[in-house]
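*Asks:* What follows is a single structure, and I will ask about it in a moment.
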Amino acid sequence: MPTALITGITGQDGSYLAELLLEKGYRVVGIVRRSSTTPYERIGHLVDRIELVSADLLDQTSLTDAVADTQPDEIYNLAAQSFVQTSWNQPVLTGEFTALGVTRMLEAMKKAAPRARFYQASSSEQFGKVVETPQRETTPFYPRSPYGVAKVYGHWITVNYRESFGLYAVSGILFNHESPRRGLEFVTRKISDGVARIACGLSTELRLGNLEARRDWGFAGDYVDAMWRMLQQDAPDDYVIGTGETWSVREFCELAFRVADLDYREFVKTDKRFERPAEVDLLVGDPSKAKAQLGWERRVSFPDLVSMMVHADMERYRLQGHAPR
Ligand code: NDP
Ligand code: GDR
């Protein structure tokens, strides 16, 4: 039975990846950081089938011990300060978690399990300002936030440890992927939750920032399968994972409100508080290398993703006793 060690197991992707690896017969160990509460809301249904070890991306000793004790065959480094907006308010902490945290994990693996395979959660935010579209593995990086800059570091340190020490280390450059488990601060979930609240009479408006930003949005469940595939190849390499389509925040709103038979123009208000000091205007990924070499393709279309998220939030409010009006 292979062993997988996942940092960020309590996050959106960690929960889907844990489910996938359990289905494949893995022993799954997740790294969690110490907290005074243990909500684990995304992995509550899995806690009897996984092991949890306590460690923190800021603490080298705890990470090295976690790898040494677990002896993983595969390490998925998903933990990060992952919210772009927060990275302007906490730029140093974002660098510590999202950039140097990667070096700490690579060091832990080099010392304690050098034959393991390492996945780094890289991001389309590394492309940032448009240099070419669609963006592919060879597109130069031009990050537009402290988060994007930190992820560029994480990407290159992964490549560097592969080339310097012969580690099996790969970087998956994933475009936005969403689900009903997405954090409420990200725009897609903010919209699906907002639609459900308005439909149930709990809110009268939804305040958003830039409606014209365009993203390549896929379903998180499809994307964790790509992570696993990257670690099953003969040789380590880096891959772009996206859908090849781009949609605006406005289009997301239009579709999401339509799921509840509402017109977004009546409810969506723009609010400067949600605009960013530097915006990423357009992202669209070219996943052809992943398709050719990994046999990876997305399964869930954009309209189905929007519908899935709105229905899940409506159902959540229905279970709390709030019926759509
Ligand atoms: P989430 O924000 O949902 O999850 C982040 C995870 O990181 C949580 O489990 C969190 O734990 C953990 N974490 C944060 N800081 C630390 C720390 N100091 N020590 C240990 N664990 C920590 O992110 P996603 O699941 O959406 O994303 C997973 C990864 O993929 C992230 O690295 C993200 O930047 C990257 N990514 C995501 C994309 C997306 O569209 N979702 C696209 C491209 C890349 P806790 O529960 O304790 O807060
Ligand atoms: P992003 O996701 O920054 O792409 O990072 P987010 O959903 O936060 O923003 C997407 C776009 O929507 C615009 N926007 C708003 N965003 C938020 N959060 N709230 C709003 O009210 C709002 N209004 C408009 C933003 O300006 C932006 O253009 C996500 C994260 O998961 C990263 O960790 C990951 O690396 C990238 O996706 C790929």
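The values are calculated or read from the model by the stated rules, or taken from the named source; none is laboratory data. It should be emphasised that the depicted structure is a prediction, and the values quoted were computed from it without experimental measurement. Cβ placement follows ideal geometry from the backbone for every residue including glycine, while neighbour counts extend to all protein chains displayed.
Each row is one residue, and each column tells you yes or no for (1) touching a residue at least 24 places away in the same chain (Cβ under 8 Å); (2) surrounded by 22 or more Cβ atoms within 10 Å (Cβ to Cβ); (3) not basic (Lys, Arg).
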{"residue": "GLY8", "(1), (2), (3)": "yes, yes, yes"}
{"residue": "GLU19", "(1), (2), (3)": "yes, no, yes"}
{"residue": "HIS45", "(1), (2), (3)": "no, no, yes"}
{"residue": "SER62", "(1), (2), (3)": "no, no, yes"}
{"residue": "ASN77", "(1), (2), (3)": "yes, yes, yes"}
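*Asks:* While we're looking at this one, here's another question. For the range 21-43, how many residues are touching a strand residue (DSSP E or B) at 6+ places or on another chain (Cβ under 8 Å) and either over 23 Å from LEU93 (Cβ atoms) or crowded, with 22+ Cβ neighbours inside 10 Å (or both)?
*Replies:* Of the residues in the range 21-43, 9 are touching a strand residue (DSSP E or B) at 6+ places or on another chain (Cβ under 8 Å) and either over 23 Å from LEU93 (Cβ atoms) or crowded, with 22+ Cβ neighbours inside 10 Å (or both).
*Asks:* Out of VAL149, VAL187, I need the residue that is away from ligand 1 (no atom under 12 Å from the Cβ) and of a type in the set (A, V, I, L, M, F, W, C). Which one?
*Replies:* Of VAL149, VAL187, the one residue that is away from ligand 1 (no atom under 12 Å from the Cβ) and of a type in the set (A, V, I, L, M, F, W, C) is VAL149.
*Asks:* Do you know which of the residues in the range 233-250 that are out of contact with any Leu (no Cβ under 7 Å at 6 or more places or on another chain) and surrounded by 18 or more Cβ atoms within 10 Å (Cβ to Cβ) is nearest to ARG207 (Cα to Cα)?
*Replies:* Once the filter is applied, the top-ranked residue is TRP247.
*Asks:* Could you please find all residues in the range 158-194 being part of a helix (DSSP H, G or I) and not assigned by TED's automatic domain parsing to the domain that holds SER82?
*Replies:* Residues satisfying the conditions are VAL187, THR188, ARG189, LYS190, ILE191, SER192, ASP193, GLY194.
*Asks:* May I pose another question? Taking into account only those residues within the range 2-55 that are out of contact with any Leu (no Cβ under 9 Å at 6 or more places or on another chain) and small (Gly, Ala, Ser), which is nearest to ALA121 (Cα to Cα)?
*Replies:* The extreme case among them is SER54.
*Asks:* Cβ-Cβ distance below 6 Å, separation of 6 or more or different chains: which pairs start in the range 111-124 with a residue that is within 10 Å of GLN71 (Cα to Cα) and end on one that is within 16 Å of ligand 1 (Cβ to nearest atom) and part of a strand (DSSP E or B)?
*Replies:* From the range 111-124, the pairs are ALA116/ILE75.
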